[in-house]
1. Mind listing the Cα extents of the chain along all three principal axes, in Å, largest one first?
2. Taking the mean number of other Cβ atoms within 10 Å as a proxy for protection, how do you rank 31-40, 16-25 from highest to lowest?
3. About its Cα centre, how strong a charge dipole does the chain have in debye, to the nearest 20, once Lys and Arg get +1 and Asp and Glu get -1 at the Cβ?
4. Could you give the angle, 0 to 90 degrees to the nearest 10, between helix 28-41's Cα long axis and the longest principal axis of the Cα atoms of the chain?
Amino acid sequence: MMKVLNEKKIYVVTTLLKQMSKENPDDLEKTLNASSILQELIDDENCFKLLINEGNLELMMKICCEGEANK
């Protein structure tokens, strides 16, 4: 059961990060909502660990670099 919950947590964090990337170019509201949720989750130690593990840190850097390349 814990494995399934951890997989779901990883899925949610990854999905929220992707909503702030080029994969969601048209829906600003979805991007802002994802950002707000991630800001709330970062206060929780377990969620923070998810953000810096499982490739999510690399995904965040990729999203940031994509944004800088478009400037």
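Values in this text are rule-based calculations from the coordinates and carry no lab data. All values derive from a computational prediction rather than experimental measurement. Here the Cβ is made from the backbone with ideal geometry for all residues, glycine too, and neighbour counts use every protein chain on show.
1. 43, 23, 21
2. Working: 31-40: 13.7, 16-25: 15.3.
Going from most to least packed, we get 16-25, 31-40.
3. So the dipole magnitude of the chain works out to roughly 200 debye.
4. 40
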